[in-house]
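Derivation of every value follows stated rules applied to the coordinates shown; laboratory data play no part. What you see is a predicted model, and the numbers here were worked out from it, not measured in a lab. Here Cβ is always computed from backbone atoms with ideal geometry, including for glycine, and neighbour counts include all displayed protein chains.
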Amino acid sequence: MNLRVLYLFAGQRRKLYEEYKKGKASDIHLIGFNHMANYGIEVTFLENRLTEFLRRISFNLTQLPVLFRLKSCDVIFSGSGILTLFLVKYILRFKKPKWVIYNTYLTNLLKRNRKGFKSWVIKKAIFSADAIMSPSLAQQDFLRSIGFPAEKNYYVPYGIDHDFYDKDKRVSEVQERYIFSSGRDVGRDYKTLIEAVRDLPVKLIIAALPRNLKGVGELPVNVEVLYLKRTETPPYAKGAEFMVITTIPEERMAGSDCSGQYSLLESMSFAKAIITTSRATLTGYFKDSEDGIIIPPYNVSELKEAIKTLWNDPQKAKVMGESGRNKVRTQFTMDIFSRKLAEIFREVATR
């Protein structure tokens, strides 16, 4: 009998999965779901009218319906659902199914909640998990520092399906040279980026959500903001001179621990040099002066100089972009990630 794994995604995935099956979207947001059959693992995910009704009430309630699915799976793989994990593993003490957390947020969550009842619930939930899989060394190190058991503390670098992007023949219709920045999570810092290009002869195109531009003020004439679907951004990335990923300081503890990681991998797969804000989670993925340029958070002057450097030296940007693409093809593929994830599922299920 195949191992049965139930995915609890942090956000909606049904429409994205359908687009993936039609060849219209990459699998970067599916976290290996579509690869598990290759390893003899039967996978399903929980998303229906009830979960979406609960999501509208509170994000923390979204995964509660999993209580009715516990007997139908051997492993639960969750990108959210701390409250449900607390109920299943700490309150009810269920030994099966095994529970594996996909860790994109625990560092910030724990740092934001250091005291009180909520902190106690979060810690009890996390320590009752059967395993935690982090996509960055910094997250694994943080869990180690708070005493999370080594045998349950996994690190697996995330991956991307670069073949999908190679086959995508769409091209940007923008005729002039431009740089591109794309991302929707609350950890993005477009204000600093816009200020950095305000007086430069550089066109900047941003793909984000309205919430990402709150407090930015009037845009300079060389900045264009587009509200695109995720599937509509690749042509703009491919046509850009290079990419810029600016995020708020990690000390702000907002959004994902790994803010910008998907954009980073996509940009590297396009062979684009990247200017990115320094983050501990970059370690192991990205090297300063080799794959692009790392700048401090909120530093307009250093960001401006980095943009000028790559804008005025396309050959340097090209060399950096090729370095990034080579890393993606050899180290950060979805095949590599999925194989290691499947191994973790099997190891945890047999404990």
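Note that region 300-315 has calculated 3J(HN,Hα) couplings of 5, 5, 5, 5, 4, 5, 5, 4, 4, 4, 6, 5, 8, 9, x, 5 Hz, one per residue in order, obtained from phi through the Karplus relation 6.51 cos²θ - 1.76 cosθ + 1.60 (θ = phi - 60°); glycine and proline are x. Each stretch of four or more DSSP H residues adds -39500 (n - 2.57); spread over every residue of the chain, this sum gives -10500 deg cm²/dmol at 222 nm.
Using the charge dipole of region 129-267 (Lys, Arg: +1 at Cβ; Asp, Glu: -1 at Cβ; taken about the Cα centre), state which of VAL174, PHE242, VAL186 has its Cα farthest towards the positive end. Of the candidates, VAL174 comes out farthest on the positive side.
Full extension of the chain between THR283 and PHE117 yields a length gain of 56.4 nm, computed as 0.36 nm times the residue separation minus the alpha carbon distance. In this Cβ point-charge picture (+1 for Lys and Arg, -1 for Asp and Glu), region 162-331 has a dipole of about 340 debye about its Cα centre.
The convex hull of the Cα atoms of region 270-351, projected and averaged over all directions, covers 6.7 nm². Taken one residue at a time, the phi angles of region 185-196 give Karplus couplings (6.51, -1.76, 1.60, θ = phi - 60°) of 6, 6, x, 7, 10, 7, 4, 4, 5, 5, 5, 5 Hz. Gly and Pro are set to x. Checking every one of the trypsin sites (Lys or Arg not before Pro) in region 59-89 against DSSP loop status and a limit of 16 other Cβ atoms within 10 Å picks out ARG69. Given the choices [x] 36, 22, 19; [y] 47, 22, 18; [z] 43, 22, 19, semi-axes √(5λ) of the Cα gyration tensor in Å derived from the coordinates of this structure is entry [x].
Counting only DSSP beta bridges whose two residues both lie in region 162-331, roughly 5 percent are antiparallel.
Residues whose amide H falls under 5 Å from that of TYR105, counting only those 5 or more places apart or on a different chain, are ASP257, with hydrogens built in the peptide plane.
Multiplying the residue separation of ILE146 and LYS229 by 0.36 nm and removing their Cα-Cα distance gives an extension gain of 26.0 nm.
Evaluating 6.51 cos²θ - 1.76 cosθ + 1.60 at θ = phi - 60° for every residue in region 67-83, the Karplus couplings come out as 4, 8, 10, 4, 7, 9, 9, 9, 9, 9, 10, 10, x, 7, x, 4, 5 Hz, glycine and proline recorded as x. For the chain, a simple Cβ point-charge model (Lys and Arg +1, Asp and Glu -1, everything else neutral) yields a dipole of about 1580 debye relative to the Cα centre.
Under 15 Å from a label point set 7 Å out along the Cα-to-Cβ vector of MET253, the amide N atoms of region 117-132 belong to 117-123.
The separation of region 87-155 from region 9-67, counted between C-alpha centres, amounts to 21 Å. Here the simple spin-label model places points 7 Å from the Cα toward Cβ, and for LYS22 and GLU218 these points are separated by 4.2 nm.
A straight Cα-to-Cα reach below 17 Å connects LYS152 with the lysines LYS89, LYS95, LYS96, LYS98, LYS123, LYS124, LYS340, residues fewer than 8 places away in its own chain not being considered.
Taking amide H as placed 1.01 Å from N in the peptide plane, the amide H of THR247 sits under 5 Å from that of ASP189, THR277, each at least 5 places away or on another chain.
Other residues within the sphere of radius under 10 Å centred on the Cβ of LYS318, judged by their own Cβ, net out at -1 (K and R +1, D and E -1). Once the Cα-Cα distance is subtracted from the 0.36 nm per residue extended length, the GLU52 to GLU176 segment shows a gain of 40.4 nm.
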